[in-house]
């Protein structure tokens with residue numbers, strides 16, 4: 001980005017709420033069913049049917065509001081957003097307009113300098129998703145799948161507080177982590193359960209007034225968000241520097257070409273004629289309902305991260321990684337509680353070897369072949385000097401593929417570290433006797449040769465000797 | 001078998017069935033015979049469900065024999081064609097739904113079925129309940145049995161006519177601005193519109209969601225009370241249906257009106273009300289006064305704003321409610337559409353009639369950006385004022401009484417070119433819809449051989465009071481027994 005330009009970014013994130021049934025009907029929300037098998041008469045917009053609000057979505061929106069330190073509105077109102085589209089069965093989408101359920105929230109991210117930056121969250125409102133038009137596979141017509149129609153969404157609208165694509169992605173990741181912590185969304189981006197629209201504008205650095213913005217729709221991966229925003233920023237700057245003007249419009253990101261393009265203007269020339277839905281009563285939330293939801297809130301990511309730093313003495317970055325998901329954090333804590341090993345060692349193993357192996361095999365932490373207790377068993381053996389760090393990695397790989405415990409593997413493979421002084425001494429003596437010239441060199445002042453001797457001893461013992469012990473014993477004997 | 005079954009009320013028929021004087025099957029056959037011979041000239045039915053009715057009557061007779069008779073066991077009724085009936089054509093009076101067979105039953109249909117009612121058919125109505133004369137029906141106007149050249153009113157004109165012509169003792173109906181009460185007044189029947197939220201709207205095809213309410217048209221107040229007792233009550237499928245106990249409506253009828261405070265709205269008797277109608281209503285009020293009711297004048301200062309307010313709110317809601325009729329999933333679909341826009345434009349253009357289109361356009365306009373505040377929002381505020389007026393009035397009175405309609409039945413075609421005059425037909429009834437109040441129209445006299453209705457409005461959930469007042473009036477008069485000559 002040119003130095004004299006500043007980007008201004010706001011995101012509208014759509015998180016699908018993880019309810020079993022739809023927001024206004026009893027039909028299932030399960031993903032991947034045969035087309036139109038999970039759409040009941042309400043979802044199909046049949047004559048005479050009426051929406052009935054699923055209480056669970058209110059609880060979920062409320063939990064989200066509390067988690068972002070927002071106001072949970074004592075009274076919110078569902079409104080109809082009117083437009084015609086074949087995948088919108090009623091000819092209107094039930095959403096919230098003037099009175100959303102959540103307002104005035106905030107979230108903190110680290111900016112480019114590592115400083116805490118506040119991102120305002122204007123509002124979060126409940127709405128129903130539309131169905132899906134299918135254009136491939138039909139000659140001279142289109143198909144419509146209404147399974148998704150009526151799926152509950154929470155639309156989370158940020159303030160235009162972000163200044164780079166990186167910040168936007170950090171914010172979006174943080175929201176993603178948060179909704180999964182709260183258990184209100186599975187956050188599955190491939191299935192479209194978590195997606196966003198990015199509002200982007202640029203202005204000369206130092207200018208207060210906002211530039212004209214564009215809205216890039218339906219970004220369903222963190223990578224696409226970053227790329228689309230960066231493309232948009234570059235495009236706008238280039239256009240302005242060439243004396244052009246930004247048109248306020250809706251754009252689509254094409255990941256194949258890595259560019260954004262304007263949507264057909266016909267689709268956005270709508271006047272949605274919002275008005276309160278007369279089929280639904282205003283949602284009134286009593287203070288005790290809010291308090292009951294507050295009581296069910298889990299420890300939130302920021303608090304957990306701080307606690308990991310304070311209680312376990314972890315590095316802030318490591319604590320951040322470990323608290324990136326509830327499951328990972330729980331895994332870490334289970335290991336830490338089950339072993340005498342230092343917490344930082346546990347963290348290193350979880351973030352390092354375990355995460356690496358999971359990543360290599362495309363597994364989630366929940367699918368780890370090595371359970372937290374099993375990993376604790378391995379770390380115990382490092383802590384009590386049974387294993388060296390190097391051998392421990394070998395044992396870890398064996399555990400990964402064999403489903404056997406660390407102790408069982410150590411026993412069968414005879415990998416127990418040799419800590420018996422007399423046993424080590426015998427090998428040390430043997431190595432010293434076998435290398436007289438190196439001994440002479442060492443004793444004439446070539447201290448670095450100690451590494452050679454240690455290496456020889458380790459080789460002789462198949463890596464099982466305790467390196468610290470070997471080192472000390474060699475130094476002692478060679479000094480004589 | 002007893003003669004003259006068609007002249008009996010539900011309550012009388014129930015007693016006859018109970019005494020075994022006739023079976024439900026005999027009753028059903030008798031009424032189906034009348035519908036077949038007298039029905040066509042009235043055009044009151046869109047669908048006659050003879051086979052289903054006979055089967056239901058047999059079931060009812062068997063249930064009675066088995067000692068398992070419901071509250072309405074074997075009693076014949078008809079449904080306004082706005083209520084969804086599973087496996088039966090449900091047209092809403094529109095070409096749009098000319099071939100629509102509902103896959104489910106409306107809640108009230110379910111409840112009446114469960115009580116053992118025998119449904120003889122579905123009645124004609126103004127298209128999507130938008131009209132006050134039944135002339136907007138795609139299936140042609142219904143004729144008033146008191147004068148076939150005249151309108152029975154609307155939109156529940158078919159329901160009112162079938163009851164007035166003694167084709168059936170009772171009919172379900174709906175009322176958004178007077179669509180139960182005005183046709184009841186114009187046909188000499190009793191029309192009850194309950195409190196908004198008293199009866200489930202689930203399965204009732206929506207016109208204006210915040211105003212629509214299901215009710216009944218009958219020939220006796222006791223029948224209205226009987227049916228309401230079955231239809232009313234909470235339904236989890238309608239969020240606007242209130243969870244409020246259902247009282248014993250029939251039990252409440254017998255109490256005298258002595259000391260009942262009846263409010264007379266001064267503005268009701270201003271210019272616009274036919275003088276002879278006014279005289280009939282005044283006479284009716286005198287009857288109630290003679291029974292011990294206390295008449296006092298009340299003021300509804302914003303009443304003159306009710307028609308314009310209604311004609312902003314109702315079209316706004318209808319413009320959105322009718323968006324689902326797009327030719328995509330059900331209902332009329334234009335042949336060989338060129339593209340999506342063509343499919344929409346022609347399906348809706350062909351499927352909807354002129355009055356429906358007029359209201360969709362009005363409603364779309366008042367909700368549009370730049371006009372919303374001036375029209376829709378303003379109308380909602382005025383609606384609040386009107387509701388407040390009623391609330392204030394009900395602090396001093398138990399019932400508000402007046403005319404149901406400014407004139408007796410008018411000739412078909414008389415007002416079709418002038419929507420505003422047509423809209424003014426509902427001037428006395430619309431207020432109760434805007435405020436969500438229960439209202440009843442009961443016959444109170446004749447003008448030139450045409451029935452006149454007395455309109456009684458109660459406070460929220462004041463059904464017992466308006467029913468009692470109508471019932472007690474009925475005990476002193478025989479207007480409700482008057483039957484058009486050709487249908488005796």
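Taken together, the values in this text are just the output of simple stated rules run on the coordinates, not laboratory data. All of these numbers come straight from a predicted model, not from anything done at the bench. When we count neighbours, we look across all protein chains shown, and the Cβ atoms used for this are built from the backbone with ideal geometry, even at glycine.
Quick look at the values:
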quantity	calculated
Residue-averaged 222 nm ellipticity for the protein assembly as shown, from DSSP H runs of 4+ at -39500 (n - 2.57), nearest 500	-11500 deg cm²/dmol
Binned Cα-Cα distances of region A:5-292, short to long, each 5 Å bin given as a whole percent	1, 5, 11, 15, 18, 17, 15, 9, 5, 3, 1, 0
Convex hull of chain B built on C-alpha atoms - directionally averaged projected area, nm²	21.7 nm²
Region B:1-126 - Debye-derived log10 I(q)/I(0), Cα point model, q = 0.19 Å⁻¹	-1.04
Percentage, to the nearest whole number, of Cα pairs in region A:232-391 over 18 Å apart	74 percent
Percent breakdown of C-alpha pair distances by 5 Å bin, ordered from the shortest bin, for region B:295-437	2, 9, 14, 16, 16, 14, 12, 8, 5, 3, 2, 1, 0
Calculated P(r) of region B:66-207 - Cα pairs past 19 Å, %	47 percent
Size descriptor, Kirkwood hydrodynamic radius, that averages inverse alpha-carbon separations across the protein assembly as shown, Å	33.2 Å
Neighbour-count ranking [beta-carbon atoms within 10 angstrom, fewest first] of A:98, A:380	A:98, A:380
Number of partner chain Cβ atoms within 10 Å, mean per residue of B:341-349	1
Part-to-part distance (alpha-carbon centres) for region B:263-329 and region B:91-127, which is given in Å	27 Å
Neighbouring partner chain Cβ atoms per residue of A:84-91, average, 10 Å criterion	5
Region B:426-488-region A:283-305 distance, computed between alpha-carbon centres (Å)	54 Å
Calculated FRET efficiency for the pair residue B:411/residue B:12, C-beta based, R₀ 30 Å, to 0.05	0.30
For chain B, share of DSSP beta bridges that run antiparallel, in % to the nearest 5	70 percent
Ordering of A:5-16, A:352-363 by packing [mean C-beta count within 10 Å, highest first]	A:5-16, A:352-363
Taking all pairs of distinct alpha-carbon atoms in region A:299-413, Kirkwood radius in angstrom	14.2 Å
Ordering of A:188-195, A:238-245, A:27-34 by packing [mean C-beta count within 10 Å, highest first]	A:188-195, A:27-34, A:238-245
Nearest-ten-degree value, helix A:165-181 long axis tilted from longest Cα axis of chain A	90 degrees
Between 0 and 90°, nearest 10: helix A:450-460 axis offset from chain A longest Cα axis	90 degrees
For A:35-47, mean number of other protein chain Cβ atoms within 10 Å	4
Percent of Cα-Cα distances greater than 20 Å, calculated over region A:421-479	14 percent
By average C-beta atoms within 10 angstrom, highest first, the peptides A:40-46, B:282-288, B:423-429	B:423-429, A:40-46, B:282-288
Three-way shape call for region B:177-327 based on the alpha-carbon gyration tensor, with the a/c threshold at 1.5	oblate
Separation between Cα centres of region A:148-199 and region A:42-87, rounded to whole Å	17 Å
0 to 90° range, to nearest 10: angle between helix A:467-479 axis and chain A longest Cα axis	30 degrees
Global geometry of chain A, whether rounded, prolate or oblate, following the gyration tensor of its Cα atoms and the 1.5 cut on a/c	prolate
